1. Limited to region 24-62, what total is found for residues that are more than 14 Å from the chain's Cα centre (by Cα), hydrophobic (A, V, I, L, M, F, W, C) and assigned to a helix (DSSP H, G or I)?
2. So which residues in region 112-126 are surrounded by 14 or more Cβ atoms within 10 Å (Cβ to Cβ) and outside any strand (DSSP E or B), if there are any at all?
3. Return a yes/no flag: does region 63-82 have any residue that is within 15 Å of Ala137 (Cα to Cα), assigned to a loop (DSSP other than H, G, I, E, B) and among the basic types (Lys, Arg).
4. How many of the residues making up region 93-124 are closer than 14 Å to Ala149 by Cβ, modelled with pLDDT under 95 and of a type outside the set (Gly, Ala, Ser)?
5. Considering only region 78-96, how many residues are open to solvent by 100 Å² or more (accessible area, probe 1.4 Å) and over 15 Å from the mean Cα position of the chain (by Cα)?
6. List every residue pair whose Cβ atoms lie under 8 Å apart, where the two residues are 6 or more positions apart in sequence or sit on different chains, the first residue falls within region 102-129 and is without any contact (Cβ under 8 Å) to a residue 40 or more places away in the chain and among the charged types (D, E, K, R), and the second residue, located anywhere, is in a helix (DSSP H, G or I) and surrounded by 14 or more Cβ atoms within 10 Å (Cβ to Cβ).
7. Of all residues in region 1-48 being among the basic types (Lys, Arg) and modelled with pLDDT of 90 or more, which is least open to solvent (accessible area, probe 1.4 Å)?
8. Which of (1) in a helix (DSSP H, G or I); (2) in contact (Cβ under 8 Å) with a residue 12 or more places away in the chain; (3) surrounded by 13 or more Cβ atoms within 10 Å (Cβ to Cβ) does Ala99 not meet, given it meets every other one?
Amino acid sequence: MSTIPTGIDIPSPFAPWKFEHAAIRVPNFDTAVAWYTEKLDFKLMNSSPLHDKVYGFMVSPAFEVSFIVELIAGPGAEGRPTYEDLASSLKLSGFHHVAFRVSDIDNAVTELKRRDVTIVSEAHDVPTLGLRVAFFADPWGNPFELIQAISA
């Protein structure tokens, strides 16, 4: 059983807030759309230029439109470091990753490998969290996590 809380009832004026999207900075719009489409089966919902950038909104087949990945593309994107492993990815402050809950993490990792996606951390159990996790990265070094609940 996962120790990640669910259904917490905390009185707050922010209680109605819901996650809507995460933005990912990429150097080239067409290259990024192709990667997210070919490797993760995301779909481009729409895109729009604004000043010298292009903003694209992609949706995962797993989330439909409940959570969107926004691509921000154009000049000036500095590269992130490439990570040799999960530990090296934790040296950079700030936003770290987006997580996807999956029903079979081993099959998900196998499929990502088949699609030549960089696996940053192979699937492994984290018993204290009640999870099995793995990490992968896009070509620009943005890490993503896969999580699967494990039995106690």
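1. Residues meeting the conditions: 3.
2. Those that are surrounded by 14 or more Cβ atoms within 10 Å (Cβ to Cβ) and outside any strand (DSSP E or B): Leu112, Val117.
3. Yes, that holds for at least one residue.
4. The total comes to 3.
5. Count: 6.
6. Listed by first residue and then by second, the contacts come to Glu122/Val109.
7. For region 1-48, the residue satisfying everything is Lys39.
8. Going through the list (1) in a helix (DSSP H, G or I); (2) in contact (Cβ under 8 Å) with a residue 12 or more places away in the chain; (3) surrounded by 13 or more Cβ atoms within 10 Å (Cβ to Cβ), Ala99 breaks only (1).
The values are calculated or read from the model by the stated rules, or taken from the named source; none is laboratory data. Just so we're clear, the structure is a prediction, and the values are computed from it rather than from any experiment. Heads up, the Cβs are rebuilt from the backbone with ideal geometry, glycines too, and the neighbour counts pull from every protein chain shown. Areas reflect the complete protein model, heavy atoms only, side chains present, ligands, DNA and RNA absent. Shrake-Rupley method; radii C 1.70, N 1.55, O 1.52, S 1.80 Å.
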